[in-house]
Each structure stands twice: as C-alpha cells, then as structure tokens.
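Nothing in this text is a laboratory measurement; each read-out follows from the coordinates by a stated rule. Since the model is a prediction, treat every value here as computed from it, not as a measurement. Glycine also receives a Cβ, built like all others from the backbone with ideal geometry; neighbour counts cover every protein chain displayed.
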Amino acid sequence: MNIGFSSIWGQTNFQFSTDNIELDFDDNLFKPMFEFQQFCRQRNVNVDYVSNFDIDDIDAFVFHEVPQPNNQYFQYAQLKNKPLFLFNDEPEVVYPPSHHVWNHSPFVRVFTQHDSLITGDKYVKINPFCFDFALEPLRLAKERFCVMVNSNKTSNHPLELYSHRLKVIRWFETYHPEKFDLYGHGWDPVQFPSFKEVAKKKIDTLARYKFVICYENARDIPGYITEKIFDCFFAGSVPIYLGASNIDSYIPASCFIDGRNFNDCDELYTALKGIDQETYEQYLREARRFIQDEKSGDFSIDRFVKTMYDNLIEGISIHNSSLKTRSSIGASAVPMKQTKEMQDVDDMEYDPVFIGGAGRSGTTLLRVMLSAHPNLCSGPEFKLLPSITDIYETMSTQMQPILEAYELHHDDIRRIFSVFIASFFEKYRISSSAKRIVEKTPHNVLIMPQLASIFPNSKFIHIVRDGRDTVRSLVTMNWTDLDGNPIEYVQNVENAAKYWVNVVSQGLDDANLLILRNRVKLVKYEDLIYSPRETMADILTFLGEEWSESVLQHAKAPRRFEPLESSTMQVEKPLYSSSINRWATEFTQEEKTLFKEIAGELLIHLGYEESMDW
C-alpha cells in the first residue's frame, strides 16, 4: 500500500529522510514523521511525498492543511475516488481554511489537535508536536534571566499572540534590557536591540536562561499545544506560558508559570524577580516528573505513530468498502426526470472528445474530419461549456456544507454534470449512429481540467497553428460576443498576438497537470494539411479508434444543417495549403517586430522557427 503526503508548505514540512533534523531552531521537530514512516514500512505500507510515487500507484492521500481547489493532487485524488485525509497542525491564525468545517467533507479522517473539533469518528485527536521522553532535561547553570525564541510574525486574527510577544520585547528593551535576549528569524537588530541571532540549537540556547517567554502563535484554542513548552522542559528552564485555554488539562500547572495570571509586563517581571531558588527548583522538578510520567502519554511519539497508522488503515478500509457498496447499489439518483437516452448516458462509460485551440487554428477542419469517421460525430460549437464548468467548479469548491446537507458527494456532483452536459448531445449522437461525441469549441482548451474532472474518460486535442498565420487571420474577423460587442483580440495584431500566446500557453501548461496526463494530444494544423494520413492515423490511435479512409474524404461526407461559422465554407473544400505562410506577404515589418516581441519565444518553442531571425 502506498500513502502519499502533500503539504501546502512544500515537501520540507514533512521530513521522512532522517531522524535527526536540525532545521534552524526546531530540534528534531520532524522525528515523529520519520518514526511514522519507519513504522509503516515495517508493515508493508509505503509513506512518502506524493512526488516520490508514480501518481497511479498511490492508494491514499494525506494533505497537510486543506489544499487549494486547483491543487492537482487534490483534483486527481477526488477524480479517482481515492481516500483523502487531512493533517492539520496549524491554528486558524496561521491558516484559516483548515478550520472551516465545510472544507472537511472530502476527507475520510481529519487529524487535528484542536479539541473543539473532536466529535464522532471523522475527527481524530493527535499531538503532532510529540517527543522522545526518554531524553533527560538539561541541568545547566543559568547565565541569563529571560529569553524569547520566536520568528517575527504578524496577524490581524483576534486570537493571535504575535502582538503579545512584541509587547514583552518592547517592555524589556525599555525597562530592563540587561535582563532579556531575543532570538529568531525576521528580527531587524537595528529596530530590536535585544536581538542576538537565529538560535541554531534552540534547546541549548534556552538552557542558558532561567525563564522563557513561551507564547504560542494563538491563544484560547483548546488542545493547541506546540513544541514550545516542551523545549523549555528539556532545556531545564521555566516557561511563562500563554496559549491553549486548557493547558492544565494536559500539563500540570505546577510545571509552568501561567501568563494569564498577570495583567501586564510589570506584574510579570515583579513575580519572576520574587521567585526564590527553592520555588524555582520546584518548577524544574515538577517538569522532570511530568516528562518521566509522559513516556507513553498524550505527547509521546509512540502514541502519535500508532494513532496515525490505525486511523489511516481503518479510514482506507471504510472508504474502499463504501465505494464497493455504492457500486453494488448503483449510481446515485440524478435529480431530474431522465429520458431513455439520458439513462444510457448515466450508465455508459461516456468518453467524449474535446477539440480546442486558439481561434483560427484549424479546430473546425479537424472537427469535420473526425466527424466523417463512422464512430464519431460533431456538430457546431456549443459555446456554453465554460459557463457550465464555472458552475461545476463553484459547487465543487464553495458549497460543501450545502451539498453535504443534501448527502451529495464529489462523485455525485460529477455524475450530475456529466449527464447534464452529455444529454445536450445524446439525441444528435444517436441520430448520427455514432458511438462518441466530438465537441469543438476553441476555448475548450482553457477548461480542460474541469472537463477532465467531469468526464474521467474524455480525451482532448489541442490544435496549434503558426501564430503569425493565426494572428493574420484573426484580425480579418468581425467577431462579436453574445451581446454584440466587438471582441478585443481581433481588433489588431498586438491584441491577437497576446491572445494567441495566452491561449496556447495555458493549453500547453494544463496538459502537464496530473488530471490530464496522457489525455491531451497536441496537433499542428500544418501537419494536418501536409501529412493528413499520418496525422489523422496518429489522432485516431490516441482516441482508440480504428482507421477509416472517410476522415480523408471529409469534403464528400454528408453534412447536416449547421449555423454558419467562420470556417464553414473553407472546410467544405478538399484540403488546401494556400493559407499556410500567408503572413510572410501580408505582415508589415512593424507587425513582424511587434509579433516577435510578444510571441516570438512561443513560436520557437513550438518549432516554427529556430531563432528570432526571420
């Protein structure tokens, strides 16, 4: 079994490669994840970054914080009905999306330390900041009075504690600079004279001080307890703690000084100065006793590893069993009265073909050639797919609470939209005696990820043409939008060149997404003209269709009534090459220079030129 981890922060936030991490001042912060990986490997479960697997070999996905809706691993996992898990260790102050419960619906389990979320089986209590309690706290002589080791951060969230740290810093710098030192990232030594350096060994640094200002990133979040207070315990220093509202439910109050007991820094400083040596030693003894008692407790690495493993394996099993159950009882009902044709769409493995590309690139020619194939049929541009996919994306990413209330899952929404879209073409397909629909609208190339999500078995053809010929043709068009307004990108060469670059580049980039892997075929218009047999044979192989001579006889194929489109008259003729390289006689020198500046690099990338010397 393979479990892939993906983090919004990048790979460095899940360190699986070693058990001795020294990431600036976060000593061994990632050891729990290393131990978890080793534990899984001993049980024939491979845990690693998603990028270290072949994506098709991943059986389950764990996302560190809620990913963005366009995250390609997130999209792929949902498309393939893989079990998804959420690993949350940041407070709402740092990353709010992970704390919106409506974002949790795609996940089988949510691993979190926030006690207020722990209800039912879905939410699993973990303490990701966990430790090897066999280690003995340091017992070093104290050279200095008080220290803070934190990065310089800000937030407008009402629960943030960054501003409280700043108040302590400024107070000590003003009244007792000799009693206080500051370490961490992002502090300007000119603005903060108490700053020393970035502490490479945090615990060793803390061990030199009697007291540590130990403020979490956020306050009043039940169960949100990070490494900060434990670092103080292992350093043999006394923490002044501010953070989790129920800290004393996890750590005895006798181990630390509760920052909530003081109205201001004056009161705190007076209290610290008044602590005698015996009282101070008592804090340290209580902390050592807590550590000794905690070896198999809530904050142990063993507890973390076992909780993660057990819930992942159980969640994967439950998810897969649910899929089998749903499959056995049939697809979810679609909330509309279905015709026989629509029921056929719902039951079949629907695999449409979508053609796209920049306007005036040969999309219509390819459409009619494919439509001449006995298994394929294609009508005029449908045009509304971008609007429909916008609604699909909104429902899939922003309406989880409502959909969940109606017991609708991602796959339900996908099926509803696939049936909805396919139903527009189904009567046409049946009357054409074809097996598959080919939908050609140039800007399909801009919504390939959404269409790929709705139709998991669909294929895409991105047709490109020499950008100079495309631009030359575009500027001769009198196109308007549905409201009758002139379309900007056909107004002049500059606009047309920018349009060509934007559309073609997005199509090329999107083809590399996981959800579109091996599903997009790039075709050059010029190859279609000069080598039609070889090019069409290659396309049909990509589509899984047998060769048919009829695709080379498109001009003779019977055509049904269609609205007049820009290329309707041209594609009724046999193939001709007079439109290729027409730019060479029609571009002015000024237009050539302008095109080179805007689109010259893409022209070279596509192989139309070797350099800018043309």
Run the simple label-point estimate for SER163 and LEU575 please: 7 Å along Cα→C-beta, distance reported in nm.
7.0
Lysines with Cα under 17 Å of LYS273, excluding same-chain neighbours fewer than 8 positions away
LYS142, LYS179, LYS210
Would you mind pulling out the separation of the Cα centroids of segment 276-310 and segment 209-225, in Å?
16
Quick one: P(r) of the chain from all Cα-Cα pairs, 20 Å bins, percents rounded to integers, in order of increasing distance.
17, 37, 28, 16, 3, 0
Take each of the peptides 546-553, 435-442, average the number of other beta-carbon atoms within 10 Å over its residues, and list them starting from the highest.
435-442, 546-553
Taking segment 93-152 and dividing mean pair separation by its residue count, relative contact order in percent (alpha carbons under 8 Å, at least six apart):
19
How much length is gained if the chain between ASN2 and ASP293 is pulled fully straight, taking 0.36 nm per residue apart and subtracting their Cα-Cα distance, in nm to one decimal?
101.2 nm
Degrees, to the nearest 10: 589-605 long Cα axis against longest axis of the chain:
60
Students often get this wrong, so check it: of LYS167/LYS202; LYS427/LYS459; LYS122/LYS435, which have C-alpha atoms separated by over 31 Å?
LYS122/LYS435
Sorted peptide list for 487-493, 72-78, criterion being average Cβ within 10 angstrom, highest first
72-78, 487-493
Student exercise, segment 48-115 dipole from Lys, Arg, Asp, Glu Cβ charges, in Debye to nearest 20
280
Sequence ranges 154-163, 204-213, ranked by mean other-Cβ count within 10 angstrom, highest first:
204-213, 154-163
Among the aspartates and glutamates, which have Cα under 13 Å from the Cα of LYS228 when same-chain residues fewer than 8 positions away are ignored?
ASP26, ASP27, GLU216
Calculate, in nm to one decimal, what ARG582 and SER431 gain on full extension: separation in residues at 0.36 nm each, minus their alpha carbon distance.
50.4 nm
With Cα coordinates, the longest principal axis of the chain makes an angle with the long axis of helix 162-175, in degrees rounded to 10, of 40
About the Cα centre, and with charges only on the beta carbon of Lys, Arg (+1) and Asp, Glu (-1), how big is the dipole of the chain? Nearest 20 debye, please.
900
Fraction of beta bridges assigned by DSSP in the chain that are antiparallel (%, nearest 5)
5
Charge context of SER473, other residues only, Cβ under 12 angstrom, K/R +1, D/E -1
+2
